[in-house]
Amino acid sequence: MAYLAQRIVPDAEWLASEDTTSAIAALVDYVERRGRPPRLEETPRATAELLAHLKPGELKRLVRDSADPGAMAEGARRSTLNTLLYLAVKLFNGRGPFSSLPLSIQLDVRAFFTSYVRRVSAPTGSFSNYGTTATYGAR
């Protein structure tokens, strides 16, 4: 079960970054695929270094202006479902503390759900009512 759960966590794929423009494009691509901005710990060092001279507000504006809202919504939906699937599989081994989850899952839970405890307390209802975000406590 642990192997299966780890296979559910999507690999953090980043576009290659050689300059600031390509680093911003990589950031926008990540946001569109995941439905949320990455934390610094998730960003490849080379990309982070290329973006270091930009202020956080500038980065947010660039992403907001460049990212496709439809792609972001689809990315959020996909990340939400992957997180639900991961948590459901992990329940077979017993629910561990939030800090034992992979970083990307922790961040997805924080971004897409009201709380971890609430999310794992009723996992079966989440899948039986797939498609309604209110069912799984999404924000």
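Here are the numbers:
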{"quantity": "Where labels lie 7 Å past Cα in the beta-carbon direction, separation of S66 and A52 in nm", "calculated": "1.9 nm"}
{"quantity": "Charged-residue dipole, Cβ positions (Lys, Arg, Asp, Glu), the stretch 11-68 about Cα centre, Debye nearest 20", "calculated": "340 debye"}
{"quantity": "Extension gain from R77 to R95, taking 0.36 nm per residue of separation minus the Cα-Cα distance", "calculated": "4.2 nm"}
{"quantity": "Ordering of 53-66, 73-86 by packing [mean C-beta count within 10 Å, highest first]", "calculated": "73-86, 53-66"}
{"quantity": "The stretch 11-68: radius of gyration and largest Cα-Cα distance (Dmax), Å", "calculated": "10.1, 27"}
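Values in this text are rule-based calculations from the coordinates and carry no lab data. Predicted, not measured: the structure shown is a model, and the values here were computed from it. All Cβ positions, even for glycine, are placed from backbone atoms using ideal geometry, and neighbour counts span all protein chains on display.
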